[in-house]
Amino acid sequence: MKLGLTGGLLASTLLAGAAGAQEVTLTIESWRNDDLQLWQEKIIPAFEASHPGIKVVFAPTAPTEYNAALNSKLDAGSAGDLITCRPFDASLSLYEAGHLADLSDLPGMENFSDVAKSAWQTDDGSATFCVPMASVIHGFIYNKDAFEELGLTPPATMDEFYAVLDRILEDGSYIPMAMGTADQWEAATMGYQNIGPNYWKGEEGRRALIAGDQGLTDEPWVAPFRELAKWGKYLGDGYEAQTYPDSQNLFTLGRAAIYPAGSWEISGFNAQADFEMGAFPPPVPAAGDECYISDHTDIAIGLNAASPNAEAARRFLEWVATPEFAQIYANALPGFFSLNSAPVELSDPLAQEFVSWREKCHSTIRSTYQILSRGTPNLETETWTASANVIKGVETPEEAAERLEQGLASWYPPHFKYRK
Amino acid sequence: MSDRKPRIRWHIVVFLAPAVAVYSAFMVFPLFNTLRLALYTEVDNVRQFAGLENFRRLFFDPLWADAFWNALGNNVWFFVIHMLVQNPIGILLAAILSHPAIRFVSFYRSVFFIPTILSFVIVGFAWKLILSPIWGIAPALLDAVGLKSLYAPWLGKEEYALTTLALVSVWQFVGIPMMLIYAALLTIPDEILEAGEIDGITGWSAFWKIKLPLILPAIGIISILTFVGNFNAFDLIYAAQGALAGPNFSTDILGTFLYRTFFGFQLQLGDPHMGAAIATAMFGIILVGVCIYLFGIQTRLRRYQF
């Protein structure tokens, strides 16, 4: 039965091949189902125009199901030729299991800095297995009309930030901040990881945490939780049951003034909102402090080691590594900032604002992604629940930090000394 | 002449073969393979035999045990709500529908049964919208009757979320006990009820003294169906709250716990061996429950022949 089916497929491929003169179709696995149109209308036509004979199909799955679905497909041998890579361990484990091919020698890899590649390398940096595509930057997007109406200016320090929120709350015509805790990851990603780098000093704190020189119960890691604990009253009524799409809609409908954001929201918000938007970086704790932003290496693309079309797939990846792709991608998807060393001209003002912070602030990536989420309990997932609990007041900042540290110390050797 | 050998009745084998083959390939083999998978673990991409280590971790290692007992406790509560709310309401509806004075019986019957045929995804999404603090009609409806103070973002509160979802599930499935009981009530011969009437048993006392004892076997079947269904439940929680079964794991039941463990979640990679251990534990729990019913309850139920 299986043989018959395969035979039939083979025969039909052969026939099609004979008719279409060796046309190869590449399938891309991705979690970015929001980008389907952009791939179909801009990126794929640009590639196909310069590479006759190779067809590309973009086949995304829902973000929350992507990792599970991809792992199952790879194990079953039914995955696409090109795999969109999550950063760090999810992709590293795919590489170690032999599902992703080594791309260290791919022409064009030299266009990326070591930091850009770090999310898709083995721990010792000897092999790179995905071509970096883009990073996302955290910050706050605000409704310019609302700010003008209330005579507000974007805050630079945390004190100013709360002053702005209090002012909006007092006025009452807008919900100060659109964020919910129902999906939990919003609280961690747009909350903790957004404002956190200013407290743990970006890379410095992140590396100290990985090395075990700092623990999650140390002040730099508890302080962001203390800030989150103050957020509850600024979120809308019933924020406990507010989901991520609810938050997006509240903001784009003009009912909320500030949206704790990731830059990936830009293209969606541009299409939905009919007011002018601005953005400000996470406010610093005190005036004059150096600023740090989460400039998170988020997305890359690799080659399925079992792909029968490896040759064509490598040509696609070479193209992804070129400045041409960077230009198309960064402008088609404002908010996904190219990791290519070649400078890219951005046309979207909001995206320009976000990317301008790279110049004045220090970049770092999300603290939980490298190495620290390798064990059970999973630090990233635990941070989601902890952040949501702290905002709701179910857990105090100190309790949440202690729980996270004990979870991490239970399996991560450099943190064994924090065990209780 | 009469020493004929007992013939092998080949036709029995032939007729049974397709069902046995399909059942073995798709049910028996995967089941035992899952049980086997639970005895292994993976170290550095190599599968190793680990004996009962996975179960020791699941039941006694606080990292796993806390999540497991939390999921089991939630699951028990989910089942209790169904037994206390869904089944009595189902019986009540059936009793009302079988009353001869009620008109438009088939209309009501269909209305109550329709949610059962809806997809979990639709039910989960629709209720999430109804109860939403932002777009939902629940706050507005309560406001209209002056009870706005009763409203809370139920799905987002740890103390209410599981009960809310259990009640949504009850809303969806109340049609099934109703139909089964209704069918059982229809089989009760009128002569028995008339004989009771002559003895002065009418109305509600006829229900309690005559009908209820006669439908007890049907209630038993419904209980066991509810039990198996609830302990295998997953879809509604997943559709409404996602695989993380928020807030703070308060709606986490065995099915969602299994899903997260087996397939992985966000940065957490899937662990098929621990997943299989959880699946085995679920299988054991259901097996024990069904056995208690079969040997402890069903054998004692009295059946009546008319």
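Here is how the numbers come out for the structure above:
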{"read-out": "Ellipticity estimate at 222 nm from DSSP helix runs (n ≥ 4, -39,500 (n - 2.57)) divided over chain A, nearest 500", "value": "-12000 deg cm²/dmol"}
{"read-out": "Cα gyration tensor category, rounded, prolate or oblate, for the range B:55-300 with a/c compared to 1.5", "value": "oblate"}
{"read-out": "Prolate/oblate/rounded call for chain A, Cα gyration tensor, a/c under 1.5 rounded", "value": "prolate"}
{"read-out": "DSSP beta bridge pairing in the protein assembly as shown, given as percent antiparallel to the nearest 5", "value": "65 percent"}
{"read-out": "Cα gyration tensor shape for the range B:10-49, rounded if a/c is under 1.5, else prolate or oblate", "value": "prolate"}
{"read-out": "Stretchable slack from residue A:105 to residue A:416, in nm (0.36 nm times residue separation minus alpha-carbon distance)", "value": "108.1 nm"}
{"read-out": "For the range A:187-320, diffusion coefficient by Stokes-Einstein and Kirkwood Rh (Cα), 37 °C, 0.692 mPa s, µm²/s", "value": "182 µm²/s"}
{"read-out": "Mean projection area, nm², convex hull over Cα of the range B:203-283", "value": "7.7 nm²"}
{"read-out": "Lysines whose Cα lies under 30 Å from that of residue B:128, excluding same-chain neighbours fewer than 8 positions away", "value": "A:230, A:233, A:392, B:148, B:157"}
{"read-out": "For the range A:73-132, alpha-carbon Rg and Dmax in angstrom", "value": "11.4, 34"}
{"read-out": "C-alpha long axis of helix A:323-332 to longest principal axis of chain A, angle in °", "value": "50 degrees"}
{"read-out": "Percentage relative contact order, chain B, counting C-alpha pairs under 8 Å, at least six apart", "value": "25 percent"}
{"read-out": "Cα centroid separation, the range B:6-58 to the range A:335-409 (Å)", "value": "44 Å"}
{"read-out": "Whole-percent carbon and sulfur share, accessible surface of chain B, 1.4 Å", "value": "69 percent"}
{"read-out": "Point-charge dipole on Cβ atoms (K/R +1, D/E -1) for the range A:310-420, about Cα centre, debye to 20", "value": "440 debye"}
{"read-out": "R0 of 56 Å, Cβ-Cβ distance residue B:121-residue B:205: FRET efficiency to nearest 0.05", "value": "0.80"}
{"read-out": "Karplus (6.51, -1.76, 1.60) ³J(HN,Hα), θ = phi - 60°, over the range B:107-115, in Hz, Gly and Pro reported as x", "value": "5, 4, 4, 5, 4, 5, 8, 4, x"}
{"read-out": "Gaussian network model of chain A, springs between alpha carbon atoms under 10 Å - residue of A:71, A:340, A:389 with greatest fluctuation", "value": "A:71"}
{"read-out": "Rg/Rh for the protein assembly as shown, where both radii come from Cα atoms and Rh is the Kirkwood radius", "value": "1.03"}
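The values are calculated or read from the model by the stated rules, or taken from the named source; none is laboratory data. What you see is a predicted model; the values in this text were computed from it and never measured. Neighbour counts are summed over all protein chains in view; Cβ atoms, including those assigned to glycine, are modelled from backbone coordinates with ideal geometry. The area values use the complete protein model at the heavy-atom level, side chains included, leaving out ligands, DNA and RNA. Shrake-Rupley method; radii C 1.70, N 1.55, O 1.52, S 1.80 Å.
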